[in-house]
Amino acid sequence: MSEQELRNAVAAADAAINREDFEQVMRFYADDAMLVLQPGMIARGKEQIREAFRRIAEHFHHSLQVHQPEMRVLMSGDTALVLARAELRAVLGDGQPWQATRRSTYVFRRDPQAGWLCLIDNSYGTDLLDAPA
């Protein structure tokens, strides 16, 4: 299995998020996955993650676009750590553009049938260390 497979999986997940195809997004997550919504707030399992993406889309008035042009992949057996520069853009409720760049961290596990599945989706990366515990 190559790094390129993981890069392709992340890009495909981003594309599904951008078009708000949350059923497709869920195919990239393990059943027991977790998504860091913000420091101190975590969605666990596919049901909570799907609902979180729905609420995120509403929060950004269905304008959120995610792109991760830069990635590093560290693999060992069936486990991988993906470090990425995530670029997020949206339009806020008042019509003002919003953008953020984050240094995301993801943990993936390779499933024999489903391929690479995300276990931990942390778009805040090590910035979580700066947040109150």
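The values are calculated or read from the model by the stated rules, or taken from the named source; none is laboratory data. In this text the structure is predicted, and so the values were computed from the model without any measurement. Glycine gets a Cβ as well: all are built from the backbone with ideal geometry, and neighbour counts include every protein chain shown.
Odds and ends about this structure:
- Qualifying residue in the stretch 74-83 (condition: among the polar types (S, T, N, Q), in contact (Cβ under 8 Å) with a residue 12 or more places away in the chain and over 19 Å from residue 35 (Cβ atoms)): no
- Residue match in the stretch 28-42 (condition: over 19 Å from residue 122 (Cβ atoms) and not small (Gly, Ala, Ser)): no
- Those residues of the stretch 89-110 which are farther than 19 Å from residue 28 by Cα and assigned to a strand (DSSP E or B), in sequence order: 89, 90, 91, 97, 98, 99, 100, 101, 102, 103
- Residues that are part of a strand (DSSP E or B) and either touching a helix residue (DSSP H, G or I) at 6+ places or on another chain (Cβ under 7 Å) or free of Cβ contacts under 8 Å to residues at least 12 places away in the same chain (or both) within the stretch 1-35 comprise 29, 31, 32, 33, 35, listed in sequence order.
- Exclusive hit being more than 20 Å from residue 52 (Cβ to Cβ), in contact with a strand residue (DSSP E or B) (Cβ under 6 Å, 6 or more places away or on another chain), modelled with pLDDT of 95 or more and of a type outside the set (A, V, I, L, M, F, W, C), set 89, 85: 85
- The stretch 87-133, residues that are buried (at least 16 other Cβ atoms within 10 Å of the Cβ) and of a type in the set (Phe, Trp, Tyr): 106, 108, 116, 124
- The set of residues from the stretch 37-51 being surrounded by 19 or more Cβ atoms within 10 Å (Cβ to Cβ) and either in a helix (DSSP H, G or I) or in contact with a Gly (Cβ under 9 Å, 6 or more places away or on another chain) (or both) comprises just one member, 49.
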